[in-house]
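Colleague: Pasting a structure here, questions to come.
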Amino acid sequence: MPQYPSLRRQRLATVLLLVTLVFAQGLMPGGCMQRLGMVSWAQTSLTFVPSSEVLGIGEELLVTIQVNNVADLYGADLRIAFNPAVIQVIEYSPGVAFQPGAMPKPEFVLKNEMNNGSGLAQYIVTQLSTAPQTGSGTVARPRVVGVGTGNTTLQFVNHQLANAEGVAIPNTAGTAFLQVGDAALTDTPIPTQTDAPPATATATATATETAMPSATPSLTATATHTATPGPSPTASITPTATETPTPSLTPTPSNTPTATATPSITPTPALRIFQGHVYQGGIGDTSKPLAEVTVQLYGSFTVGHPGIFLLQTVTNANGFFQVSYTGSYAHY
């Protein structure tokens with residue numbers, strides 16, 4: 001008699017192996033993947049359509065995540081970050097963030113969810129029996145709505161693609177730029193991110209902020225932070241600022257307090273844009289940019305306290321990063 005139960009068990013084992021490999025590849029450094037022979041460079045890319053748009057508050061937009069020039073696509077693990085103060089993802093049904101596409105076919109959906117509080121959405125899907133997909137097509141479609149005046153990006157913080165054997169398909173990831181309301185500030189979209197192996201060395205970063213000279217982004221690497229307008233101080237040295245003394249701050253008029261004194265809290269939300277590069281080596285050495293470095297943004301009202309996590313991004317092949325956030329924190 002035909003051994004159908006045995007075939008079902010074998011197919012289920014293959015699916016579980018594929019899902020396990022997709023997760024494992026998401027956790028393994030790119031350099032390790034390359035040493036294991038699991039990575040080869042290709043021209044596959046993930047893009048947002050449209051790549052830029054202006055919305056009114058309350059206006060909805062259907063965004064298509066497109067895969068281009070892929071071969072033997074069988075599974076995908078995508079995570080997307082956005083500014084929840086500017087846009088939010090609309091559910092198709094309770095807890096469902098994405099309308100599935102056909103590349104890959106959604107024969108087994110492991111995750112299809114979003115968190116409008118933290119500004120993250122995730123889509124993990126794999127095929128089961130259909131032949132692998134080759135060419136270009138739609139992976140999924142999130143639907144967003146404008147909720148606050150400002151600018152934001154839709155950007156991938158994870159973009160893993162895999163074939164039927166669970167081997168990673170290298171790809172680059174694009175970014176979408178959205179403006180909501182009558183925001184006067186403009187933002188430069190983050191350049192295409194490349195799925196390149198990160199270097200294992202001490203990293204330094206340069207960061208440039210616009211629209212709030214007093215904000216300082218918190219980076220896990222040694223950073224050179226430039227505020228506009230004004231000169232570029234080195235973040236590893238505590239800057240000092242001369243203030244007009246008052247009886248409540250200092251007993252003598254000659255005292256110069258350091259910049260670590262608690263500043264006034266911005267009473268109304270404003271858009272902050274943080275951008276820069278991450279390099280390997282010492283401060284001032286820009287010869288070795290680092291890709292796939294996670295840059296996280298925190299906000300705080302207290303000097304010396306990291307505050308709460310707001311959002312994150314990763315550097316592209318040139319070591320470039322950019323994040324934007326609308327809020328009233330005194331420190332970033």
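Colleague: Efficiency by 1/(1 + (r/R0)^6): what FRET value for LEU128 and GLN296, r their Cβ-Cβ distance, R0 = 56 Å, to the nearest 0.05?
Modeller: Computed FRET efficiency for LEU128 and GLN296: 0.95.
Colleague: For TYR123, what charge total do you get from the other residues with a beta carbon under 15 Å from its beta carbon, if Lys and Arg give +1 and Asp and Glu give -1?
Modeller: Net charge around TYR123: +1.
Colleague: Could you please state how large a percent of the accessible area of the stretch 49-196 is carbon and sulfur, counting protein chains only and using a 1.4 Å probe? Could the numbers behind the result be given before it?
Modeller: Working: 2790 of 5430 Å².
Of all accessible area on the stretch 49-196, carbon and sulfur atoms account for 51 percent.
Colleague: Only residues of the stretch 277-311 count here: report those whose backbone N is under 12 Å from the spot 7 Å along Cα→Cβ of SER118, or say none.
Modeller: Flagged as within label range: 309-311.
Colleague: Could you state the accessible area per residue of the stretch 37-183 in Å², with a 1.4 Å probe and every protein chain left in place?
Modeller: Value for the stretch 37-183: 37 Å² per residue.
Colleague: Largest first, what is the accessible-area ranking of PHE108, PHE177 with a 1.4 Å probe?
Modeller: The ranking, largest first, comes out as PHE108, PHE177.
Colleague: Using only the Cα atoms of the stretch 48-166, build the gyration tensor, take square roots of its eigenvalues as a ≥ b ≥ c, and label the shape rounded, prolate or oblate: rounded if a/c is under 1.5, else prolate if a/b is larger than b/c, else oblate.
Modeller: prolate
Colleague: Output the peptides 313-319, 164-170, 57-63 sorted from most to least packed, where packing is the average of other Cβ atoms within 10 Å over each peptide's residues.
Modeller: In decreasing order of mean packing, 313-319, 164-170, 57-63 become 313-319, 164-170, 57-63.
Colleague: Now, a different point. To the nearest 0.05, what FRET efficiency results for VAL145 and ASN69 with a Förster distance of 35 Å applied to their C-beta separation?
Modeller: 0.65
Colleague: For a test of the definition: using alpha carbon positions, the gyration tensor, and the 1.5 limit on a/c, classify the stretch 98-176 as rounded, prolate or oblate. Could the numbers behind the result be given before it?
Modeller: On the way: a/c = 2.27, a/b = 1.88, b/c = 1.21.
Judged from the Cα gyration tensor, the stretch 98-176 comes out prolate (a/c at least 1.5, a/b above b/c).
The values are calculated or read from the model by the stated rules, or taken from the named source; none is laboratory data. These numbers were taken from a predicted model, which means no experiment stands behind them. Please note: Cβ atoms are built from the backbone with ideal geometry, for glycine as well, and neighbour counts cover all protein chains shown. The accessibility values were calculated without ligands, DNA or RNA, using every heavy atom of the protein model including side chains. Shrake-Rupley method; radii C 1.70, N 1.55, O 1.52, S 1.80 Å.
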